[in-house]
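**Q** Here it is: the structure, laid out below.
The values are calculated or read from the model by the stated rules, or taken from the named source; none is laboratory data. In this text the structure is predicted, and so the values were computed from the model without any measurement. Ideal geometry is used to build each Cβ from the backbone, glycine not excepted, and the neighbour counts take in all protein chains shown. When the accessible area is computed, the model is the full protein with side chains, heavy atoms only, and any ligands, DNA or RNA have been set aside. Shrake-Rupley method; radii C 1.70, N 1.55, O 1.52, S 1.80 Å.
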Amino acid sequence: MMTWTVDGVKRQAIVYAPAKVSNKTPVVLSFHGHGDNMQNFQSVGLQEAWPEAIVVYPQGLPTSRPGEPALPGWQTEKGRYGDRDLKLVDQVLADLHAKYAVDDARIYATGFSNGANFTYLLWAERPNVFAAFAPVAARLAASVSLRVPKPLLHIAGRNDYTIPFEFQKQAVEAAERVDGVSSKGESCGSNCMLYNSANGAPVMTVFHAGGHEYPDGTSETIVKFFKQHPLH
């Protein structure tokens, strides 16, 4: 468990580091969904899929939604909540750099649902920090603008009614535009399509038949994608 104070507020994360940290260790930041917590979300097992990496599960703070009680979550637009979560990410990475030999070419962000929406915001606001992104069940807030080409893996359920599949496709289309991918994709496995890019920033989609979920095998798929895409 690591703790920080960001704008006077205590923040926490569960951090898995390799037992033997060699030089140039990858980092994966993984953000839980709205109403979830870091203790529960660590069960997705990214640390088991990539034991050589430092895997960080931060804890979100109460996030308000119209007509709902405030539950743990993340900002999805620049300027929300005083940019508390962008500041947290900056602090987490600064501390990891102080403590470990972090590989700056292999820092990644992923998340589920509201945490995946925040992952898209990190692409927009911290594009030069991260090598690639892997949101699961995500949408792109209207104010969020992607400008720097980055490798993307987007996993979505065609029967997702929490974050409708149409909204998720719009996020992918925005990524495809900034990444300049070819319109003709190629199959990369079951429900998987890969759209290559001349600038080394492909878009991979896994559109499964389920709903708003983190399907079995997702963490392994994410890790495989991340390993293929260090920062250029």
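**Q** Check the straight Cα-Cα distances from Lys184 and name the aspartates and glutamates below 18 Å, setting aside those fewer than 8 residues away within the same chain.
**A** Those aspartates and glutamates meeting the cut-off are Glu173, Glu176.
**Q** Return the lysines within reach of Lys224: Cα separation strictly under 17 angstrom, same-chain partners fewer than 8 residues apart disregarded; answer none if there are no such residues.
**A** Straight-line reach from Lys224, under 17 Å: Lys150.
**Q** Within segment 170-232, what whole-number % of the accessible surface is contributed by carbon and sulfur, with the 1.4 Å probe and all protein chains included in the calculation? Let's see the in-between values first.
**A** Details: 1640 of 3300 Å².
Here carbon and sulfur together make up 50 percent of the probe-accessible area.
**Q** Counting only helical runs of four or more DSSP H residues, what would the 222 nm mean residue ellipticity of the chain come to if each run contributes -39,500 (n - 2.57) and the total is spread over all its residues?
**A** Details: 6 runs with 61 residues, N = 232.
So the helix-based figure for the chain works out to -8000 deg cm²/dmol.
**Q** Moving on. Pick from Ala101, Ala171, Ala138 the residue whose mean-square fluctuation is largest in a GNM of the chain, springs joining Cα atoms under 10 Å.
**A** Residue with maximal mean-square fluctuation among Ala101, Ala171, Ala138: Ala101.
**Q** Taking the Cα centroid of segment 92-163 and of segment 174-232, what is the distance between the two, rounded to the nearest whole Å?
**A** 13 Å
**Q** Stokes-Einstein diffusion coefficient for segment 135-214 at 37 °C in a medium of 0.692 mPa s, Rh from the Kirkwood formula over Cα pairs: what value in µm²/s? It would help to have the intermediate numbers written out before the result.
**A** On the way: Rh = 12.7 Å.
Calculated translational D: 259 µm²/s.
**Q** Where only protein heavy atoms count, and the probe is 1.4 Å, what is the accessible area per residue for the chain in Å²?
**A** Working: 10250 Å² over 232 residues.
With the other protein chains kept in place, the chain gives 44 Å² per residue.
**Q** Further question: Hey, got the Cα dimensions of the chain along the principal axes, in Å, largest first?
**A** 48, 47, 32
**Q** Let me ask something else. Any aspartates and glutamates with Cα under 18 Å of the Lys24 Cα? List them, leaving off those in the same chain fewer than 8 positions away.
**A** Glu52, Asp95, Asp103, Asp104
**Q** First check a/c for segment 1-127, with a ≥ b ≥ c the square roots of the eigenvalues of its C-alpha gyration tensor; if it is under 1.5, answer rounded, and if not, answer prolate when a/b is larger than b/c or oblate otherwise.
**A** Numbers: a/c = 1.84, a/b = 1.59, b/c = 1.16.
Prolate, since a/c reaches 1.5 and a/b exceeds b/c.
**Q** Going 7 Å from the Cα of Glu52 along its beta-carbon direction, which residues of segment 94-130 have the amide nitrogen within less than 17 Å of the resulting point?
**A** 101-108
**Q** Pull out the extension gain between Lys184 and Glu125, defined as 0.36 nm times the separation in residues minus the alpha carbon to alpha carbon distance; nm, one decimal.
**A** Details: separation 59, 0.36 × 59 = 21.24 nm, distance 2.89 nm.
Contour length minus Cα-Cα distance gives 18.4 nm.
**Q** Which whole-number percentage describes the relative contact order of segment 36-119, with Cα contacts under 8 Å and a sequence gap of 6 or more?
**A** Numbers: 58 pairs, mean separation 18.0, N = 84.
The normalised contact order for segment 36-119 reaches 21 percent.
**Q** Rounded to the nearest percent, how much of the accessible area of segment 9-106 (1.4 Å probe, protein heavy atoms only) is carbon and sulfur? Please report the intermediate quantities before stating the final value.
**A** Numbers: 2230 of 4480 Å².
Exposed carbon and sulfur together represent 50 percent of the surface.
**Q** Also: Roughly what would the spin-label model give for Lys20 and Ala198, points 7 Å off Cα along C-beta, in nm?
**A** Computed distance between label sites Lys20 and Ala198 equals 4.5 nm.
**Q** Okay, moving on. Quick one: go through segment 118-132 and flag any residue whose amide nitrogen is under 16 Å from the point 7 Å out along the Cα-to-Cβ line of Phe167.
**A** Under cut-off, by backbone N: 118-121.
**Q** Could you list which residues have their amide H under 5 Å from that of Glu213, counting only those 5 or more apart in sequence or on another chain, with H placed in the peptide plane?
**A** Hits under the 5 Å cutoff: Gly157.
**Q** Related question: Give me the number: length gained by fully extending Lys78 to Asp216, i.e. 0.36 nm times residue separation minus the C-alpha to C-alpha distance, one decimal in nm. Working shown, then result.
**A** Working: separation 138, 0.36 × 138 = 49.68 nm, distance 3.18 nm.
So the extension gain works out to 46.5 nm.
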